[in-house]
1. Taking loop as defined by DSSP and a crowding limit of 10 other beta carbons within 10 Å, which trypsin sites (Lys or Arg not before Pro) in the stretch 215-257 fit?
2. Relative to the present Cα-Cα distance, how much length would full extension add between residue 231 and residue 165 at 0.36 nm per residue of separation?
3. Relative contact order, percent, of the chain when contacts are C-alpha pairs under 8 Å separated by at least 6 residues?
4. Subtracting the Cα-Cα distance from 0.36 nm times the residue separation, let me have the gained length for residue 10 to residue 88 in nm, one decimal.
5. Report the net charge of residues surrounding residue 167, where surrounding means a beta-carbon distance below 13 angstrom and charges are Lys +1, Arg +1, Asp -1, Glu -1.
6. Return a single number: how many Lys pairs in the chain, at a sequence separation of 8 or more or on separate chains, have alpha-carbon atoms below 21 angstrom apart.
7. Would you kindly state how much longer the chain becomes between residue 21 and residue 218 on full extension, computed as 0.36 nm times their sequence separation minus their alpha carbon distance, in nm to one decimal?
8. Going by Cα centres, the stretch 32-81 and the stretch 134-205 are how many Å apart?
Amino acid sequence: MQAEIERLFEEKPAAYTGAHFELFAEFKTALNEGRVRAAEACPSAPTGWRANAWVKKGILVGFRMGTIVDMSVDPERQPFFDKSTYPVKRFSAQTQVRIVPGGSSIRDGAYVAPGVVCMPPMYINVGAYVDEGAMVDSHALVGSCAQIGKKCHISAASQIGGVLEPVGALPVIVEDEVLVGGNSGIYEGTVVKRRAVVGTGTILNRSTPVYDLVRRTVYKATDEEPLVIPEEAVIVAGSRAVTQGPGKDWGISVYTPVIVKYRDSQTDTKIQLEDLLR
């Protein structure tokens, strides 16, 4: 499948044939079932993860192949037009995914594991992988190709960016048992390692360094690697003073995330309610 997808991506045909659509349907089924992923664990990689560029290429091929069609349940009350290749993902009670009524949407080509809880309204985009027992809360977004681990809580109004292009770039990774606080944003391929806690309103991206007060170090993205947040770090929104120029004279500070502690029994007690919600 990989070789055929890559060939179809590189050599765009004048017209797509039935065989092309069958190939894409097979590919999308593998995405839906979690058998292929836009990124996967790789112990030898500096981040512990590697991107699967061919999977991203397959997703992009789907956009190329699709045409805009009317997918409206009720064209008058709620018109819905999208690519024919990416309708809403289908679920049944046997899927064991809780989708609470109220306007949530999950695009076809996303993997959502048994035990996931979807609170309304939230959105999961194509290529995303949401593992067992995770909760995606109200007004939260899981972007295209983002990878969410087991028993994570993506709290209300949080944004988990995707990274579909460039195809070789690592998407956002949120490992097992991470709590992402409300109104937080994780973007540009950031990797949040297991059991970390991202405090309310924290923004993580490639351009903002993270100051670790416990280990007395600073974490930054490089040209080659994304920002990586250590395991069990508790990170909050903070600021640092501008030390030169007019900013210093005016007493200005700029935003920066700060690691204030590492997870302990007190932290676990504060978030144990998560298990009751599932």
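Values in this text are rule-based calculations from the coordinates and carry no lab data. The structure displayed is predicted, hence computed values, not measured ones. Cβ placement follows ideal geometry from the backbone for every residue including glycine, while neighbour counts extend to all protein chains displayed.
1. 216
2. 21.1 nm
3. 10 percent
4. Using 0.36 nm per residue and subtracting the Cα-Cα distance, I get 25.4 nm.
5. 0
6. 22
7. Contour length minus Cα-Cα distance gives 66.1 nm.
8. Each part's Cα centre sits 16 Å from the other's.
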